[in-house]
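Everything on this sheet refers to the single structure shown next.
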Amino acid sequence: MTNGINLLLLCGGGGAEHAISLLSASYFESCLSKAAGINLLWLELNGKGQYHTKDGRKCELTNRREIRFDDDSPSWPVDYVIPCIHGYPGETGDIQSYFNLINLPYFGCESEGSSNCFNKITAKMWFTALGIPNTPYIFVNQPDDDAIARCQQALQNWGSLFIKAASQGSSVGCYKVDDAAKVAEALKDAFSYSPYVVVEKTIRARELEVAVYEYQGEVIATRPGEIVCAADTFYTYEEKYADNSHATTKVEADNLTEEQIATIRDYAVRAFKGLKLRHLSRIDFFLSDEGEILLNEINTFPGLTKISMFPKMLANHGEDFTTYLLDNIQRQLAKKIG
């Protein structure tokens, strides 16, 4: 450790959000370039479980916590890893389980918290158990005639539905349905992404987001930001990251009462602590037309691109991302050594 920290920046993953993971990794790389004592190695993981460096050298992360290169270059010991992987296998908790197995410290939420939040059904069960209001929903485990009938009945009761792949990123495999004739097709598409599907009541609401993070040993929730979409649309995966997105973002939402802000921040911290999350998350809420505050979902490794909300909200709260990141890394490594 006298020669600095050998930090592995791992990105990609081979899933639906692979490309966005690379953009987020670039943000981490630019932030860490300002930090003294950090020896950084960027590795990309593909969908076959293979690793390669930026210049294309193939390698592997061994259970001895070192990078072994295929070209017989000297191995590179790893002190710490940032698993900058959105979706599978990062936010699912899979890769964190491997790090736990080989005793390699890492940035971000641990395996169980990641898994519980990534599965939308499990997450909603936790929200309810923690006493945090969330959207009405039904659970579907196969796209059969019974499931179609249940969804059509829910559509009749609620007027509009969101049919969502339960184990995917926030906007992947997500379909808004207003016509009973389109239920079967939406279910089929959602099941192509996940073995389980959650069907939620469409809420006419403002979409609010809170950055929740650990800094200097405290859990902090920012004031809520807001996503403003075009009328009668929702924040799709394409809208979230497209350069020509028609959605707009506000780092701090307008026209909220201090009571509403306090309730949202309280729910956010309660969810973060109750689900045993760590280091960072972006927690998304609805503020319905009727004034209900509903927890929508938790992203345990939110996007960190130039247009992403998490780093903007953290900066708006007065924190420097690099300082915040190094604080968590150093605390964790000191705890491991101690």
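The values are calculated or read from the model by the stated rules, or taken from the named source; none is laboratory data. As the structure is a computational prediction, the values presented were derived from the model and not from experiment. With ideal geometry, Cβ positions are generated from the backbone for all residues, glycine too; neighbour counts draw on all protein chains shown. For accessibility, only protein heavy atoms count, side chains too; no ligands or nucleic acids. Shrake-Rupley method; radii C 1.70, N 1.55, O 1.52, S 1.80 Å.
Looking only at the range 243-264, count every residue that is open to solvent by less than 70 Å² (accessible area, probe 1.4 Å) and within 27 Å of ILE82 (Cβ to Cβ) and tell me the total.
So the answer is 3.
Output the residues belonging to the range 9-21 that are among the aliphatic types (A, V, I, L, M) and buried (at least 17 other Cβ atoms within 10 Å of the Cβ).
LEU9, LEU10, ALA16, ILE20
Regarding PHE107, is this residue within 29 Å of ASN328 (Cβ to Cβ), touching a Leu at 6+ places or on another chain (Cβ under 9 Å) and touching a residue at least 60 places away in the same chain (Cβ under 8 Å)?
yes
Can you tell me how many residues within the range 223-258 are modelled with pLDDT of 55 or more and part of a helix (DSSP H, G or I)?
Qualifying residue count for the region: 1.
Residues in the range 306-322: is at least one in a strand (DSSP E or B), open to solvent by less than 20 Å² (accessible area, probe 1.4 Å) and modelled with pLDDT of 95 or more?
Within the range 306-322, none of the residues are in a strand (DSSP E or B), open to solvent by less than 20 Å² (accessible area, probe 1.4 Å) and modelled with pLDDT of 95 or more.
Quick check, is ARG282 of a type in the set (D, E, K, R), open to solvent by 10 Å² or more (accessible area, probe 1.4 Å), touching a Phe, Trp or Tyr at 6+ places or on another chain (Cβ under 6 Å) and in contact (Cβ under 8 Å) with a residue 24 or more places away in the chain?
yes
Kindly provide the set of residues from the range 169-180 that are of a type in the set (D, E, K, R) and over 26 Å from ILE283 (Cα atoms), ordered by number.
ASP178, ASP179 - these are the residues of the range 169-180 that are of a type in the set (D, E, K, R) and over 26 Å from ILE283 (Cα atoms).
I need the strands (runs of 3 or more DSSP E) fully contained in the range 71-168, keeping only those with at least 2 residues that are under 18 Å from LEU280 (Cα atoms) and either at pLDDT 95 or above or open to solvent by less than 10 Å² (accessible area, probe 1.4 Å) (or both).
Fully inside the range 71-168 and qualifying: 80-84.
Within the range 188-219, track down each residue that is charged (D, E, K, R) and out of contact with any Asp or Glu (no Cβ under 9 Å at 6 or more places or on another chain).
Passing the criteria: LYS188, ASP189, GLU200, LYS201, GLU218.
For the range 25-47, enumerate the residues that are in a loop (DSSP other than H, G, I, E, B) and open to solvent by 30 Å² or more (accessible area, probe 1.4 Å).
SER33, LYS34, ALA36, GLY37, ASN46, GLY47
Looking only at the range 54-86, which residues are free of Cβ contacts under 8 Å to residues at least 40 places away in the same chain and touching a Pro at 6+ places or on another chain (Cβ under 9 Å)?
Result: ARG64, ARG65, GLU66.
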